[in-house]
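Asker: The structure that follows is given in the form of structure tokens.
The values are calculated or read from the model by the stated rules, or taken from the named source; none is laboratory data. Predicted model, so just to flag it, every value in this text is computed and none were measured. Here the Cβ is made from the backbone with ideal geometry for all residues, glycine too, and neighbour counts use every protein chain on show. The protein model used for the area step is the full one, side chains on, heavy atoms only, and it has no ligands, DNA or RNA in it. Shrake-Rupley method; radii C 1.70, N 1.55, O 1.52, S 1.80 Å.
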Amino acid sequence: MSSYPYQIKSLDDYNQQYKRSVEAPEEFWGEIASHFTWRKKWNKILNWDFRTPQIKWFEEGKLNITENCLDRHLADKANVPAIVWEPNNPEEHHRVLTYKDLYFKVCQFAHVLKNNGVEKGDRVCIYMGMIPELVIAVLACARIGAIHTVVFGGFSAKSISDRLHDTRAEFIITCDGAYRGAKEIPLKGVIDDALIGCDFVKKIIVCTRTHTPVSMIKGRDVWWEDEIKKVETQGNADFTAVETDAEDPLFILYTSGSTGKPKGVVHTCAGYMIWTNYTFVNVFQYQPGQMYFCTADIGWITGHSYIIYGPLSAGATSLMFEGIPTWPDAGRFWEIVEKYKVNILYTAPTAIRSLMAYGDMYIEGKDLSSLKVLGSVGEPINEEAWHWYNSKIGKGEAPIVDTWWQTETGGILISNLAGITPSKPSFATLPLPGVQPVLIDDKLNEAQGNDVKGNLCMKAPWPGMCRTIYGDHERFRTNYFSTYENLYFSGDGCLRDIDGDYRITGRVDDVLNVSGHRIGTAEIENAINMHEGVMESAVVGYPHDIKGQGIYAFVIYQGSHGNNEMTRKDINETVTKIIGAIAKPDKIQFVSNLPKTRSGKIMRRILRKIAENEINALGDTTTLLDPTVVDEIIKGKL
Ligand code: WT7
């Protein structure tokens, strides 16, 4: 018997549950919600209006998400591993934190936060590597009702500073440094740079990991370990969770859109908890006792939802890995699978393609027989990668779940359910209960029936959807709810095949997906344009064998410094400083002009075709101010 009463058991069961979720959503979610720990029951299950937009679930319900992730498991799962941690360096010892250990450490650190002045509703910026203390920091914030905003360790000082200004976070939790493969990243040093001009930051808590020398400013910077000692001498063990409202913000996570400024996506406590738990239990068909390994970084939504909140609220064992798939060699994932007898592996197509390219010798001799379920997330998975994953890793016996979702959706919306609903290579297949996808065609009509395509929208809210953009509700409205009336617009193109299965075809806006990292072209252009001598630039994506999409920049440069090769390196350096290394263009082509309409608008469609090597499909170029620039750009193509 499974311990999740709402775990879907068969295809028939899926069909029934789906039907109920659409016909009687309040009844459906009310029943599921009753399996969680509440301080006070809700008054109203759902209250929504996509025009304002306003989305509220479980109104007036009171809870604390960490009581659901920790306290409630202490009775029967105290000694079950909650977090199993594999260090970057395979020679170093791994760590296991049972539910009891994690509970204790979260309580301790909640005291540390309190001692340092953090209160309910305060924003706390977390910039750490993938160590258990990151999970502890996140949950300790949630325990006192502070709003965490985790920033991925690959982002630059400037990116952190922008996020600090946007959230007005007065508290930062970081590490001296982080290990990633052969690299050591000086996290505290980056924070110090970010803080130039952020005088509102009151406290920085620094956790020791790499022993990199760091500057510690008196009165502002404190060591994690010293603060824990203080709590120990105070004799504080438990920390009673602070009661939050169902709709209080749980966290802010920044993601790229089609304009230059990243958006602070806000998720709230109850709906997000229920959604991540429900989708985790159903998509992966998790069974108590299984070892589950999600390879994402906690700096992205996948790590929030499927390393921390989904698995822990379900009392699962979540394996977290500090390092990268290719260090010390490309067999690292498979060594981890063998070492911990991983049952469920959730990773990204870009990782699969890169490991596939290293060759099968890294799999040979590794015992992967523990694997029962494989997952894919972040971008469309091409058929070749799907088949390799299926045959070489799953040995044809582990169902692959292709999970489509977004930072904004909080959790998985479209996916097959492992071993329960059928899979189909490169298709995310079917919506989860509560999810009502519609495809809108060029004529703004809802595409009816099967074998159709259009822009992917949702016509009703699900509990885990984001509620606003931090500090800019109007942007939330215009971004997601104004393109099509009364619909949430995802920004993705999609088709529904003759069987009714969904296949995501990629973004239809100016957002790129590079190695599973989402990045806006406008953001990259802004960074390039900050470089000395750059007059103007236009960035588009192009198909890339490993990364999915590569970044192609067309740049008008009139500086005199160095040759093209040096200038390219300099521009890359600027982009790294402004955003982070993940946004560095793969190709930079210097051009004397860009294809523009008479009104001065850059015709990206043409540049995209050139970058994609489809110069026979450029379309109409007669509306260009100067059509000859196109020939010049084609000649100079990299
Ligand atoms: C975008 C969201 C989902 C968490 C990680 C990325 C693309 C995501 C799939 C998939 C095809 C996918 C979409 C989406 N995407 N999963 N299974 N098949 N495309 O979250 O950074 O918010 O990016 O990733 O284009 O809009 P994100």
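Asker: On a full-extension model of 0.36 nm per residue, what is the gain between SER482 and ARG51, subtracting their alpha-carbon distance, rounded to one decimal in nm?
Answerer: So the chain would gain 154.4 nm between SER482 and ARG51.
Asker: Which residues' amide hydrogens lie under 5 Å from the amide hydrogen of ASP492, considering only partners 5 or more residues apart or on another chain, with H built in the peptide plane?
Answerer: Hits under the 5 Å cutoff: LEU456, VAL508.
Asker: Taking the Cα centre as origin and putting +1 on Lys and Arg beta-carbons and -1 on Asp and Glu beta-carbons, what dipole magnitude results for segment 97-242, to the nearest 20 debye?
Answerer: 140
Asker: According to the Kirkwood expression over distinct Cα-Cα pairs, how big is the hydrodynamic radius of segment 97-242, in Å? Before the final figure, lay out the partial values.
Answerer: Details: mean 1/r = 0.0657 Å⁻¹.
Taking every pair of different Cα atoms in segment 97-242, averaging 1/r and inverting gives 15.2 Å.
Asker: Sticking with this one: For LYS587 paired with LYS366, estimate the spin-label separation in nm (one decimal), with each label point 7 Å from Cα along the Cα-to-Cβ line.
Answerer: Those two pseudo-labels are separated by 3.2 nm.
Asker: Restricting to the chain, compute how many DSSP beta bridges are antiparallel as a %, nearest 5. List each step's numbers first, then the result.
Answerer: Working: 61 of 100 bridges.
Among the beta bridges of the chain, antiparallel pairing accounts for roughly 60 percent.
Asker: Ignoring ligands, DNA and RNA, please state the percent of accessible area on segment 511-635 from carbon and sulfur, probe 1.4 Å.
Answerer: In segment 511-635, the share of accessible area belonging to carbon and sulfur is 50 percent.
Asker: ASP545 to GLN287: extension gain in nm, 0.36 nm per residue of separation minus the Cα-Cα distance? Intermediate results must be reported in sequence, preceding the final value.
Answerer: Numbers: separation 258, 0.36 × 258 = 92.88 nm, distance 3.53 nm.
The ASP545-GLN287 span can extend by a further 89.3 nm.
Asker: Students sometimes get this wrong: rank LYS577, LYS263 by accessible area, probe 1.4 Å, all chains present, largest first.
Answerer: Greatest to least solvent exposure: LYS577, LYS263.
Asker: To the nearest Å, what is the center-to-center distance of segment 190-252 and segment 123-189, using C-alpha atoms only?
Answerer: After rounding, the separation between the Cα centres reads 10 Å.
Asker: For the chain, what is the accessible area per residue in Å², given a 1.4 Å probe and the full set of protein chains? Don't skip to the end; give the middle numbers.
Answerer: Values: 24480 Å² over 638 residues.
Per-residue accessible area for the chain comes out at 38 Å².
Asker: Residues of segment 76-119 with the amide nitrogen closer than 20 Å to a label point 7 Å from the Cα of GLU243, along Cα-to-Cβ, please.
Answerer: 119
Asker: Enter the per residue convex hull volume of the chain, computed from alpha-carbon coordinates, in Å³ rounded to the nearest integer.
Answerer: 161
Asker: Using the beta-carbon distance between GLU612 and ASP451 and R0 = 22 Å, what value does 1/(1 + (r/R0)^6) give for FRET efficiency, to the nearest 0.05?
Answerer: 0.30
Asker: Dividing the convex hull volume of the alpha carbon atoms of segment 457-533 by its residue count, what do you get in Å³ per residue?
Answerer: Taking only Cα atoms, segment 457-533 has a hull volume of 153 Å³ per residue.
Asker: List, in order, the whole-Hz ³J(HN,Hα) value for each residue of segment 88-105 obtained from phi through the Karplus relation with A = 6.51, B = -1.76, C = 1.60 and θ = phi - 60°; use x for Gly and Pro.
Answerer: Residue by residue, segment 88-105 yields 4, 8, x, 6, 7, 5, 7, 10, 10, 10, 6, 4, 5, 4, 5, 4, 4, 5 Hz.
Asker: A follow-up question, please. Let me check I've understood the local charge: for GLY562, count other residues with C-beta under 10 angstrom from its C-beta, Lys and Arg +1, Asp and Glu -1. What total comes out? Don't skip to the end; give the middle numbers.
Answerer: Numbers: positive: ARG568, LYS569; negative: GLU565, ASP570.
Residues near GLY562 contribute 0 overall.
Asker: Please list the three semi-axes, largest first and in whole Å, of the ellipsoid equivalent to segment 297-406, using sqrt of 5 times the eigenvalues of its alpha carbon gyration tensor.
Answerer: Values: eigenvalues 86, 52, 40 Å².
Semi-axes (√(5λ), whole Å): 21, 16, 14.
Asker: Tell me, what is the percent relative contact order of segment 97-242, built from C-alpha pairs under 8 Å that lie six or more residues apart? If you can, show how the numbers build up before the last one.
Answerer: Values: 239 pairs, mean separation 39.1, N = 146.
After rounding, I find 27 percent.
Asker: How far apart, in nm, are the 7 Å Cα→Cβ label points at GLU397 and GLU384?
Answerer: Each label point lies 7 Å from its Cα, and together they span 2.9 nm.
Asker: Just the number, please: carbon plus sulfur as a percent of the accessible area of segment 97-242, 1.4 Å probe, no ligands or DNA/RNA counted.
Answerer: So the carbon and sulfur contribution to the accessible surface is 51 percent.
Asker: Give me P(r) over segment 1-156, computed from all C-alpha to C-alpha distances, binned every 10 Å, as integer percentages.
Answerer: Result, from short to long distances: 9, 26, 31, 26, 8, 1 percent.
Asker: Under a point spin-label approximation (7 Å from Cα along Cα-to-Cβ), what is the GLN16-SER560 distance to one decimal in nm?
Answerer: 8.0
Asker: Relative contact order for segment 511-635 using alpha-carbon pairs under 8 Å, separation at least 6, rounded to a whole percent?
Answerer: 22
Asker: Put +1 on the Cβ of every Lys and Arg and -1 on every Asp and Glu Cβ in the chain; which of TRP334, SER376, HIS304 then has its Cα farthest towards the positive end of the dipole?
Answerer: Value computed over the given set: HIS304.
Asker: Still on this structure: Please report the antiparallel percentage of DSSP beta bridges with both residues in segment 511-635, rounded to the nearest 5.
Answerer: Restricted to segment 511-635, the bridges split so that about 80 percent are antiparallel.
Asker: Follow-up. Once phi is turned into θ = phi - 60°, what whole-Hz ³J(HN,Hα) does the Karplus curve with 6.51, -1.76 and 1.60 give for every residue of segment 171-176, x standing for Gly and Pro?
Answerer: Rounded to whole hertz, the list is 10, 10, 10, 9, 10, 4.
Asker: For segment 511-635, take every pair of Cα atoms, bin their distances at 10 Å starting from 0, and report each bin as a whole percent.
Answerer: Reading the bins upward from 0: 13, 45, 35, 8.
Asker: Could you sort the peptides 183-190, 142-149 by per-residue average Cβ neighbour count (10 Å cutoff), highest mean leading? All intermediate terms of the calculation are to be shown ahead of the outcome.
Answerer: Values: 183-190: 18.5, 142-149: 24.8.
Top of the packing list down: 142-149, 183-190.
Asker: Could you work out the relative contact order of the chain, using alpha carbon pairs under 8 angstrom and six or more residues apart, expressed as a whole percent?
Answerer: 12
Asker: Sticking with this one: For HIS165 and ASN116, FRET efficiency with R0 = 22 Å and r from the beta-carbon atoms, rounded to 0.05?
Answerer: On the way: r = 21 Å, r/R0 = 0.96.
Given R0 = 22 Å and the Cβ-Cβ separation, E is 0.55.
Asker: Within segment 385-455, which trypsin sites (Lys or Arg not before Pro) sit in a loop by DSSP and count at most 12 neighbouring Cβ atoms inside 10 Å?
Answerer: Here the trypsin sites (Lys or Arg not before Pro) that fit, given the DSSP loop and packing criteria, are LYS395, LYS443.
Asker: Something else about it: Per residue of the chain, what 222 nm ellipticity follows from adding -39500 (n - 2.57) for every DSSP H run with n ≥ 4, rounded to the nearest 500?
Answerer: -8500 deg cm²/dmol
Asker: Under the rule of at least 5 residues apart or a separate chain, name every residue whose amide H is placed under 5 Å from the amide H of TYR557.
Answerer: Close amide H contacts, sequence-distant or interchain: MET535, VAL591.
Asker: Taking θ = phi - 60°, what integer Hz values does the Karplus form 6.51 cos²θ - 1.76 cosθ + 1.60 yield along segment 256-261, in sequence order, with x for Gly and Pro?
Answerer: Working through the residues one at a time gives 7, x, 8, 9, x, 9 Hz.
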